[in-house]
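To start, the structure itself, in structure tokens.
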Amino acid sequence: MDTSKNEHEVTASALNPFSQTFFHGTKADLKIGDLISTGFNSNFVDRQLKHIYLSATLNVAVWGAELASGEGRERIYLVEATGAVEDDPNVTDKKFPGNPTMSYRSTAPFKVVGEVIVWQRHSSEQITAMKEGLEKLKKQGAMIIEE
């Protein structure tokens, strides 16, 4: 029996066992192996965006899920990049020096590798305050996402 092919496959996958995993909060119903790609409406503005946004912190993804538009259950996915990732300029240096929220974006798809099932929601008061703040920015014309 020739086992060289199986040994090669195991060795190849063992070379990169720890890829950077990010979080993506949404209401989209996705499965492991699905790709999150551009071309869909944003969770925060009424248009399609050129980038996919994600974070290396769970808290930011929780906000993404809680503030996401649409129907359905709030979800947080573990995702891996398939291409280059850059700091999200909408928060980096514009609102916070550096990137303390560890927020990123990419034009390349992200592969769903898992789902966070148990996570702590923000209080209803915090969510209401955040939604009111975002609505105020929209009315002022200040809800601009740099693409």
Checklist line | Positions within the stretch 63-83 being in contact with a His (Cβ under 9 Å, 6 or more places away or on another chain) and in a loop (DSSP other than H, G, I, E, B), in sequence order | finding: none
Next item on the list: Just need a number here: residues in the stretch 1-54 that are at pLDDT below 65 and outside any loop (DSSP other than H, G, I, E, B).
Entry: 11
Note to self: Among the residues of the stretch 80-92, are any crowded, with 17+ Cβ neighbours inside 10 Å, charged (D, E, K, R) and at pLDDT below 90?
What the structure shows: yes
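The values are calculated or read from the model by the stated rules, or taken from the named source; none is laboratory data. It should be emphasised that the depicted structure is a prediction, and the values quoted were computed from it without experimental measurement. Counting neighbours? That spans all protein chains shown, and the Cβs are built from the backbone with ideal geometry, glycine included.
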